[in-house]
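Read the structure below first, then the notes.
The values are calculated or read from the model by the stated rules, or taken from the named source; none is laboratory data. These numbers were taken from a predicted model, which means no experiment stands behind them. Here the Cβ positions follow ideal geometry from the backbone for every residue, glycine too, while neighbour counts run over all protein chains shown. Keep in mind that these areas ignore ligands, DNA and RNA; they rest on the heavy atoms of the full protein, side chains included. Shrake-Rupley method; radii C 1.70, N 1.55, O 1.52, S 1.80 Å.
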Amino acid sequence: HADRAALLDYCRRSANPVGRLLLHLYGVHGDAALRESDAICSALQLINFWQDLSVDLPRGRHYLADADCAAYGVARADLAALRRTSASDRLVLDCAAWARGLMLQGAPLVHRLPGRAGWELRLVVQGGLAVLDKIEANGYDVFQRRPSLGKTDWLRLAWRAATR
């Protein structure tokens, strides 16, 4: 993908329709709900991209925008070799911040979905944010290991879902 606009276009066609369908099924309407749903779904897609770099790069694919790689001076050869550099750390930090910003833009939607759907979306949002926390805690090293949530993380997610 050339730039972030192209990545968001990919999300618009892949992840966002799922959220829009769920809104329709739960009878939630309005432009604000659509924008928030799109922000959550795009953020989840992006978080998955950053989380899976250690898996995707050896398969010859990744979703880091060419413009971002160029802006941070991250060489394709370093990516292909899973070589972590200070430039790649800064790139992943910026990508994670972008995804976090999108997730937080969409987060108010969790309070407008009824019943179980609202609670499930709260957990989804908190799960995405927790993966970003893991990426940060690992010093943005997503090239050698895939950050994932463990059993102890789920208690924290439940608490955050209930209090936010």
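From R12, R35, grab the single residue that is free of Cβ contacts under 8 Å to residues at least 60 places away in the same chain and not hydroxyl-bearing (S, T, Y). Going through R12, R35 in turn, the sole match is R12.
Only one entry in L113, L149 is free of Cβ contacts under 8 Å to residues at least 24 places away in the same chain, in contact with a helix residue (DSSP H, G or I) (Cβ under 9 Å, 6 or more places away or on another chain), surrounded by 12 or more Cβ atoms within 10 Å (Cβ to Cβ) and not in a helix (DSSP H, G or I), namely L149.
Checking each residue in the range 78-108 for being surrounded by 15 or more Cβ atoms within 10 Å (Cβ to Cβ), among the charged types (D, E, K, R) and not in a loop (DSSP other than H, G, I, E, B) picks out D78, D89, R90, R100.
Selection of the range 44-58 for residues being out of contact with any helix residue (DSSP H, G or I) (no Cβ under 9 Å at 6 or more places or on another chain) and either aliphatic (A, V, I, L, M) or loosely packed, with under 14 Cβ neighbours inside 10 Å (or both) yields only V55. Here is the figure for the range 18-43: residues that are open to solvent by less than 60 Å² (accessible area, probe 1.4 Å) and assigned to a helix (DSSP H, G or I) total 13. In this structure, is L64 modelled with pLDDT of 95 or more and not in a helix (DSSP H, G or I)? Yes.
Selection within the range 38-70: residues that are without any contact (Cβ under 8 Å) to a residue 40 or more places away in the chain and charged (D, E, K, R). The member of this set that is nearest to R4 (Cα to Cα) is R61.
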